[in-house]
Every structure is written in C-alpha cells, then in structure tokens.
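Reviewing the structure listed below.
The values are calculated or read from the model by the stated rules, or taken from the named source; none is laboratory data. Computed from a prediction, not measured in an experiment: that's the story for all the values here. Positions of Cβ are backbone-derived with ideal geometry, glycine not excepted, and every protein chain shown enters the neighbour counts.
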Amino acid sequence: MKESSTSGGAGRKQGAASPCAACKLLRRRCSQDCVFAPYFPADEPHKFASVHKVFGASNVNKMLQELPEHHRGDAVSSMVYEANARIRDPVYGCVGAISSLQQQIDVLQAQLAVSQAEVVHMRMRHFSSSPVNQSPENISPPSRHHQSRTPTRSLFGMDMVVDQTNMGMGESLWSSCN
Ligand SMILES: [Zn+2]
C-alpha cells in the first residue's frame, strides 16, 4: 500500500505514541495508515466526538475511504459542521441554517423588487415633472428647488433608493422633495 509513505508521513508527525482523536475515543491502536489521523488530531477531540455521535465512526471511515485524499479534508470539515448543527438543532440540523438563509434571501429579493419598482416610479414622476416643456412661471417652489439639483439628479436618485431600503421612509422623503 502506498498510503503509508504518503499520508502516513505527511499527516502524522506525532507517530504511534500519540493516537489521533478518533482512535483515542474508540480505544483502538492508531495505526500508521489510520484514515482519521490526518483530520482528527488529538488536540481537537470534540471534532471526532461530534461526527461519531451523528454519523458513526464506521460510516465516517467508509465515507473517507471512498474519497480521494485531496477531498477528505473538506469532507471532514463539512461532516463536522453538519454534525455540530445536528447536535445543536436535532430537528432541522444544518437544514435549519439553510432554510433561515433562504428565507432571508426571499425577504431581501422582495425588498429589492419593491425598491426597483420605486426607482422606476420615481424616474417616471421625475421625468413627467421635469421643466423641459414648462415655462418658468409654472414651476412650483419645490420643483425650482429640485431644479437646482438637476446636474446631480441620478446620484441623488441612488441615495434615495438606499434610504428607502434601509429606513422604509422613502415615500415621505420623496414627497418632501417633489
Ligand atoms: Zn487514528
């Protein structure tokens, strides 16, 4: 077997004297080619304790054996994450986190759609109230005030969108400047 010369040498510097966290918990001898040793060091016993509790040591062993070595580190990280989530939340596990984030995405996408609709609405109102076809005496004081901002109109419009999204008071802000 070639792994004793590759993973055995690179992943374990403590040697057989100090068993990995997995072998220590399982009370077995940590062999030179122990599949757990590179990923479950003795100074992090909680990592193996979690995956052992949720997945079982033999399943973790099997899952790691089925993966190429360059994927095993990431697989262990995700298994530890999943196991800890399952221990924290026995009903939903990490699906609870995914679901919560999905709900946040839905809320933010709805807010974004509202904001985009408001941008369109504001542009249309601004366009229809622009002084292009108006004589100066028809311009009301707020419009004249607004007219002075015309060169920075688009920048001002962007600021309005940010205000609306964050504070939910865009309508009153917009009404006061129009
Ligand atoms: Zn071991």
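Yes/no per residue for (1) within 36 Å of the chain's Cα centre (by Cα); (2) assigned to a helix (DSSP H, G or I); (3) modelled with pLDDT of 65 or more; (4) surrounded by 11 or more Cβ atoms within 10 Å (Cβ to Cβ):
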{"position": "Ala110", "(1), (2), (3), (4)": "yes, yes, yes, no"}
{"position": "Val114", "(1), (2), (3), (4)": "yes, yes, yes, yes"}
{"position": "Val119", "(1), (2), (3), (4)": "yes, yes, yes, yes"}
{"position": "Phe127", "(1), (2), (3), (4)": "no, yes, yes, no"}
{"position": "Glu137", "(1), (2), (3), (4)": "no, yes, no, no"}
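When you scan the stretch 66-75, how many residues do you find that are assigned to a helix (DSSP H, G or I), more than 18 Å from Ala21 (Cβ to Cβ) and more than 22 Å from the chain's Cα centre (by Cα)?
Initial filter on the stretch 66-75 (assigned to a helix (DSSP H, G or I)): 69-75.
If we keep only those that are more than 18 Å from Ala21 (Cβ to Cβ) as well, we get 69-71, 74.
Then keep just the ones that are more than 22 Å from the chain's Cα centre (by Cα); that gives 69-70.
Total satisfying the criteria: 2.
Go through the stretch 37-58 and count every residue that is away from the ligand (no atom under 14 Å from the Cβ) and assigned to a loop (DSSP other than H, G, I, E, B).
2
Could you please tell me which pairs satisfy a Cβ distance under 8 Å, a separation of 6+ or placement on different chains, a first residue in the stretch 35-64 that is over 15 Å from Pro19 (Cα atoms), and a second residue that is away from the ligand (no atom under 12 Å from the Cβ) and not in a helix (DSSP H, G or I)?
Met63/Phe55
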